[in-house]
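Student: I'd like to ask some things about the structure below.
Where a number appears in this text, it was derived from the coordinates with a stated rule and is not lab data. Keep in mind that this is a model prediction, so the values were computed, not measured. Cβ atoms come from the backbone with ideal geometry, glycine included; neighbour counts cover every protein chain shown.
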Amino acid sequence: MKRAGDLLSVFFDEYTGRNARSISKVFTSWAAIAKEQRIPAAVDHAQIVELERNIVLIEADHPGWIQILQTKQQELLESFRRRFPELTINGVSFRLSRGAIQAREDDGGDAFDASKDPVAYDSRATPPDDDVLSKIEHSEAFKKLVSHFEEGNL
């Protein structure tokens, strides 16, 4: 039996044409990248919050941490590119957090852990509206995923 995270990864791979597992790993790799760049304390003060348009957005809890991270911006970009060449990451951006930073543990590299999946349900998040759900349900990628699941090919 497949886990929901595995099924979602397959769906997002089909729907977006991108590697969902690699995208998920970007979010869980922060501890390893910060340690590699000799700023391990940054894990307690900053986190990856978004990967949009091939830009990694890192949120920090204090302007001082943003300054520290900006001094390592090029090295951080190179680390992301080296770890995730299939994602074509073009930049790293920073912003000040509106709340506390919740440090995530590194997933150890290759293992996919659905409990650390950034796509997982967040009770603070706004639920998707019916229009978005309708678009997903009627997409060819979703129909293909459902048919694979029903045929036992997943």
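Student: Mind giving me the FRET efficiency for Gln102 and Lys143? R0 is 22 Å, r the Cβ-Cβ distance, nearest 0.05 is fine.
Tutor: According to the calculation, E is roughly 0.05.
Student: Sort 52-59, 24-31 by the packing proxy (mean of other Cβ within 10 Å over each peptide's residues), most packed first.
Tutor: Peptide ranking by packing, descending: 24-31, 52-59.
Student: A follow-up question, please. If you wrap a convex hull around the C-alpha atoms of the stretch 22-82 and split its volume per residue, what is the figure in Å³?
Tutor: It comes to 78 Å³ per residue, whole-number rounded.
Student: While we're looking at this one, here's another question. If I model a spin label at Asn54 and Thr88 as a point 7 Å from the Cα along the Cα→Cβ vector, what separation in nanometres do I get?
Tutor: Distance between label points: 0.5 nm.
Student: Can you give the net charge of the other residues whose Cβ lies under 10 Å from the Cβ of Ile66, counting K and R as +1 and D and E as -1?
Tutor: Net charge around Ile66: -1.
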